[in-house]
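Notes for the one structure printed next.
The values are calculated or read from the model by the stated rules, or taken from the named source; none is laboratory data. Everything numeric in this text was worked out from a predicted model, so none of it was measured. Quick reminder, even Gly has a Cβ in these numbers, built from the backbone with ideal geometry, and neighbours come from all protein chains shown. Surface areas here come from the heavy atoms of the whole protein model, side chains and all, with no ligands, DNA or RNA. Shrake-Rupley method; radii C 1.70, N 1.55, O 1.52, S 1.80 Å.
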Amino acid sequence: MAVTEKELQEILDQYPSKVQKNRTKHIFIKDGAESAQVIEANTRTIPGIITNRGCAYAGCKGVVLGPLKDMVHITHGPIGCGYYTWGTRRNKAQSDDPTQNFLNYCVSTDMQESDIVFGGEKKLAKVIDEVIDIFHPKAITVSATCPVGLIGDDISAVARSAESRHGVPVLAFSCEGYKGVSQSAGHHIANNILMERVIGASEAEKAAGKYPINILGEYNIGGDSWEIERVLKEIGYTIVSVMTGDGSYEELKNAHTAELNLVQCHRSINYIAEMLETKYGTPWLKVNFIGVQGMSESLRNMALYFDDEALIAKTEEVIAREVARIEPLIDQYKKICDGKTAFCFVGGSRGHHYQGLFAEIGIETVLAGYEFAHRDDYEGRQVIPTIKTDADSKNIPQLQVSADEQRFRLKVSPEKMEELKQKIPLSDYAGMAVTMKDGSIIVDDLNHFETEEFIKILKPDIFASGIKDKYVIQKMGIPAKQLHSYDYSGPYAGFNGAVNFARDVSMGFASPTWNFIVPPWQDEPLLTGTVTEEGVA
Ligand code: CFM
């Protein structure tokens, strides 16, 4: 089932004209016959519309920095912001040294009214001193929240002086919530400073092991990184660093020694991927470790890059064994899921990544979208030069890097690079739209009104989304699967993850709960009328 242009227009017609004009640009029905279907993305949500997006601070502190376990992350701001990012993103980590894993803590300067009036710099300096005293971390981050930027606290100056006082790196992130139109701005701010201050900060010139790689944009939600690492290590890869799931300051410093960078979530980390290529000559490979096919294909592409017969053979051996093991398990769940349809609306990458896994268990994605991705995540990186920069995007500093005189080394020759690019997505991402079927609908920054309208038309069997939107939909009688925190399940990545996902989705369908809920469109009369003095209206 699909939405027709007429039905889409009827939904949009319900908006006031200005809103309609805006929202029309954020939605399209996939039509492969059209040469380029352009979508508007990464622009401000219309005030008053309830969006599912977060803020720049959430993207910086909560998403990119949050999982780095051996740093203490200080939130400079009122307590609510710190509380909001305390464990809501599932930053799971294990540490050989339990004194250097601070992820369970939430450290905030707890700004009060007097700090807003008289300034919060002294309080921030005091908190940094306390953190050094109590925790002795490898390094500290300070993330600014909205009021900090409004009152003009100079967090960089405070961080610099604390750094010289204690001899411990203190990194300041001006990621005030309002810095961008969504958390995407915060990703960029975090990427810049990690690149500037952490990556390459070690003396190491060579990785300690064969086939050294970094995994970028993998955040270990529900243990995803651990499942991916299990397989990669067995094949023989050396994982220099993970950015940033179960990651650490110590590992990140060595990231320049990798021979290849893998990019799972393009949206949140493509900046570092590109900068690593410019500075050290290391290409990046777009991977998707979600789904059996995605996982297998990514492994094969990695082996092709290293072009080593033993590695290729080992890759095939592991894939064959893993697939044979999990196939019968997935098949039993497929019987429950086959023929169903899904909405897949998630942050900035999962709206795309989960479609393959859904397909593997027989579920077709009829609507997909991102909360805060950019046009390249929908249309492919070839559109980047055509993306207009607006006042909001100019707000975020662009870090300029150049080739490192000592360390830059082309990892593959330009000829080999061209040859590989024909076969594998090397330093490229084709985006979501190209893989979707004609007739499916793609929506940027989907809101509650549109969600309900599309659900009435498409009646999907499952709604894959986030915490802000799922409950309304469940009350309509449709199972929802949170693809941000996995409803506290997981891992969903890799081979074992695919089985877990199939199991959880099947459980959602098989639950008897849905028999007790009547969706609103089943008991609302199709026609309504009122009797007035003039007659029936
Ligand atoms: Fe990347 Fe993410 Fe995502 Fe993201 Fe996020 Fe997340 Fe996400 Mo929630 S970094 S863009 S800002 S894959 S927290 S682990 S699930 S919205 S789709």
Restricted to segment 104-124 and to residues being surrounded by 19 or more Cβ atoms within 10 Å (Cβ to Cβ) and of a type in the set (A, V, I, L, M, F, W, C), the residue nearest to residue 169 (Cα to Cα) is 124
Spans of helices (runs of 4 or more DSSP H) in segment 1-98 with at least 3 residues within 28 Å of residue 269 (Cβ to Cβ): 79-84
Can you pull out the residues in segment 56-75 that are within 11 Å of the ligand (Cβ to nearest atom) and out of contact with any Asp or Glu (no Cβ under 8 Å at 6 or more places or on another chain)? 58, 59, 60, 62, 63, 64, 66
Looking only at segment 17-51, filter to residues that are modelled with pLDDT under 95 and not small (Gly, Ala, Ser); which one of those is surrounded by the most Cβ atoms within 10 Å (Cβ to Cβ)? 51
Report, by residue number, each residue of segment 469-492 that is buried (at least 16 other Cβ atoms within 10 Å of the Cβ), charged (D, E, K, R) and part of a helix (DSSP H, G or I). 469, 470
Need the failing condition index for residue 47 against (1) without any contact (Cβ under 8 Å) to a residue 12 or more places away in the chain; (2) more than 30 Å from residue 149 (Cβ to Cβ), just the number. (2)
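Condition check ((1) within 16 Å of the ligand (Cβ to nearest atom); (2) farther than 25 Å from residue 187 by Cα; (3) of a type outside the set (A, V, I, L, M, F, W, C); (4) in contact with a Leu (Cβ under 9 Å, 6 or more places away or on another chain)) across all residues:
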residue	(1), (2), (3), (4)
278	no, no, yes, no
286	yes, no, yes, yes
306	no, yes, no, yes
322	no, yes, yes, no
326	no, yes, no, no
Would you call residue 518 away from the ligand (no atom under 16 Å from the Cβ), in contact (Cβ under 8 Å) with a residue 40 or more places away in the chain and either in a helix (DSSP H, G or I) or β-branched (Val, Ile, Thr) (or both)? yes
For segment 228-242, the count of residues that are under 19 Å from residue 492 (Cβ atoms) and open to solvent by less than 10 Å² (accessible area, probe 1.4 Å) equals 4
Looking at 334, 340, can you tell me which residue is among the basic types (Lys, Arg) and either more than 18 Å from residue 463 (Cβ to Cβ) or touching a His at 6+ places or on another chain (Cβ under 6 Å) (or both)? 334
Every residue in segment 357-383 that is open to solvent by less than 10 Å² (accessible area, probe 1.4 Å), within 12 Å of the ligand (Cβ to nearest atom) and not acidic (Asp, Glu), please. 368, 369, 370, 373
Looking only at segment 167-201, count how many residues are touching a Gly at 6+ places or on another chain (Cβ under 9 Å) and within 16 Å of the ligand (Cβ to nearest atom). 14
Among the residues of segment 509-520, are any modelled with pLDDT of 95 or more and either under 22 Å from residue 23 (Cα atoms) or surrounded by 18 or more Cβ atoms within 10 Å (Cβ to Cβ) (or both)? no
Just to verify a result, which residue in segment 436-451, among those that are charged (D, E, K, R) and under 24 Å from the mean Cα position of the chain (by Cα), is most open to solvent (accessible area, probe 1.4 Å)? 437
Scan segment 52-81 residue by residue and report those that are buried (at least 23 other Cβ atoms within 10 Å of the Cβ) and more than 15 Å from the chain's Cα centre (by Cα). 68, 69, 71, 72, 73, 74, 75, 76, 77, 81
Counting only residues that are of a type in the set (S, T, N, Q) and within 13 Å of the ligand (Cβ to nearest atom), which one in segment 209-227 is surrounded by the most Cβ atoms within 10 Å (Cβ to Cβ)? 225
Name the residue, out of 501, 463, that is within 25 Å of the chain's Cα centre (by Cα), in a strand (DSSP E or B) and within 16 Å of the ligand (Cβ to nearest atom). 463
If the Cβ limit is 9 Å and pairs must be 6+ apart or interchain, which residue in segment 403-418 that is more than 17 Å from residue 258 (Cα to Cα) pairs with which residue that is open to solvent by 60 Å² or more (accessible area, probe 1.4 Å) and part of a loop (DSSP other than H, G, I, E, B)? 416/307
What do you reckon, is residue 312 over 30 Å from residue 203 (Cβ atoms), open to solvent by less than 20 Å² (accessible area, probe 1.4 Å) and more than 16 Å from the ligand (Cβ to nearest atom)? no
Restricting the search to segment 327-356, which residues are open to solvent by less than 20 Å² (accessible area, probe 1.4 Å) and among the small types (Gly, Ala, Ser)? 342, 347, 348, 349, 351
What number of residues within segment 259-272 satisfy the criterion of being more than 12 Å from the ligand (Cβ to nearest atom), in contact (Cβ under 8 Å) with a residue 60 or more places away in the chain and open to solvent by less than 10 Å² (accessible area, probe 1.4 Å)? 2
If we take segment 132-237, then helices (runs of 4 or more DSSP H) inside it with 3 or more residues that are at pLDDT 95 or above and out of contact with any helix residue (DSSP H, G or I) (no Cβ under 7 Å at 6 or more places or on another chain) are 155-166, 224-235
Look at residue 242 and say whether it is within 16 Å of the ligand (Cβ to nearest atom), of a type in the set (A, V, I, L, M, F, W, C), without any contact (Cβ under 8 Å) to a residue 40 or more places away in the chain and touching a helix residue (DSSP H, G or I) at 6+ places or on another chain (Cβ under 8 Å). yes
